[in-house]
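Asker: Got a structure here, written out as structure tokens. Questions coming.
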Amino acid sequence: MDRTDRASRVIAAPPATVYGALLDQESLEAWLPPEGMRGRVEWWDPRPGGGFRMVLTYLDPTDSPGKTSDATDVVDVGFAELVPSERVVQRAVFEADDPSFAGTMTMTWHLAAAGDGTEVTVTATDVPPGIDQSDHETGIASSLANLASYLERTD
């Protein structure tokens with residue numbers, strides 16, 4: 001499993017604000033699930049060595065069967081490294097019986113100031129072979145679009 005998937009986007013918010021949205025449970029539930037899914041965090045411990053468990057549910061599982069059940073992906077995520085306003089490194093393990101989804105995928109969220117905003121680059125390494133690369137990169141891009149909408153909305 002040496003495949004690397006990535007996506008990036010400039011978000012009109014400072015790095016500290018983006019970093020905060022990566023480490024806030026309510027925020028994460030709102031923006032992380034890609035289009036066509038909703039998410040719920042079952043436990044939350046936002047510190048190095050901590051992590052979270054997220055249940056992602058497909059709104060229409062017909063064309064996208066889940067990894068854990070027909071309609072869900074359950075993922076346990078550990079925080080391997082937290083560098084405020086710069087980087088969040090996560091280790092993700094899917095709950096699945098299918099061995100093609102086994103293993104620990106590393107997701108690195110790199111934040112870099114870009115004018116008045118932040119360029120967010122997500123790099124996924126050791127991606128399990130059962131995860132289609134195009135679908136995964138589309139999903140990451142969707143989560144980044146959700147993050148941008150979440151942070152750029154006007155109250």
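The values are calculated or read from the model by the stated rules, or taken from the named source; none is laboratory data. As the structure is a computational prediction, the values presented were derived from the model and not from experiment. Backbone-built Cβ (ideal geometry, glycine too); neighbour counts: all protein chains shown. When the accessible area is computed, the model is the full protein with side chains, heavy atoms only, and any ligands, DNA or RNA have been set aside. Shrake-Rupley method; radii C 1.70, N 1.55, O 1.52, S 1.80 Å.
Asker: Cβ contacts < 8 Å: first residue more than 27 Å from residue 60 (Cα to Cα) and free of Cβ contacts under 8 Å to residues at least 60 places away in the same chain, restricted to the stretch 13-34; second residue open to solvent by less than 60 Å² (accessible area, probe 1.4 Å) and among the polar types (S, T, N, Q), any location; separation 6+ or different chain. Result?
Answerer: Partner pairs satisfying both residue conditions: 20/27.
Asker: Being crowded, with 19+ Cβ neighbours inside 10 Å, in contact with a Gly (Cβ under 7 Å, 6 or more places away or on another chain) and on the phi < 0 side of the Ramachandran plot narrows it down to one of 13, 7, so name that one.
Answerer: On the way: 7 fails: in contact with a Gly (Cβ under 7 Å, 6 or more places away or on another chain).
Being crowded, with 19+ Cβ neighbours inside 10 Å, in contact with a Gly (Cβ under 7 Å, 6 or more places away or on another chain) and on the phi < 0 side of the Ramachandran plot holds for just one of 13, 7, which is 13.
Asker: Kindly evaluate residue 63 against the criterion of being more than 15 Å from the chain's Cα centre (by Cα), open to solvent by 20 Å² or more (accessible area, probe 1.4 Å) and modelled with pLDDT under 95. Give the derivation first.
Answerer: Working: more than 15 Å from the chain's Cα centre (by Cα): yes; open to solvent by 20 Å² or more (accessible area, probe 1.4 Å): yes; modelled with pLDDT under 95: yes.
It is true that residue 63 is more than 15 Å from the chain's Cα centre (by Cα), open to solvent by 20 Å² or more (accessible area, probe 1.4 Å) and modelled with pLDDT under 95.
Every residue, every condition in (1) within 24 Å of residue 74 (Cβ to Cβ); (2) of a type in the set (S, T, N, Q); (3) in contact with a helix residue (DSSP H, G or I) (Cβ under 6 Å, 6 or more places away or on another chain), yes or no:
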{"residue": "12", "(1), (2), (3)": "no, no, yes"}
{"residue": "18", "(1), (2), (3)": "no, no, no"}
{"residue": "22", "(1), (2), (3)": "yes, no, no"}
{"residue": "38", "(1), (2), (3)": "yes, no, no"}
{"residue": "55", "(1), (2), (3)": "yes, no, no"}
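Asker: Let me ask something additional. Counting only residues that are out of contact with any Gly (no Cβ under 8 Å at 6 or more places or on another chain), open to solvent by 20 Å² or more (accessible area, probe 1.4 Å) and not polar (S, T, N, Q), how many does the stretch 110-155 have?
Answerer: 20
Asker: Kindly indicate which of 95, 42 is of a type in the set (Asp, Glu) and surrounded by 15 or more Cβ atoms within 10 Å (Cβ to Cβ). Even if it seems obvious, please write down each step before you answer.
Answerer: Working: 42 fails: surrounded by 15 or more Cβ atoms within 10 Å (Cβ to Cβ).
Sole residue among the options that is of a type in the set (Asp, Glu) and surrounded by 15 or more Cβ atoms within 10 Å (Cβ to Cβ): 95.
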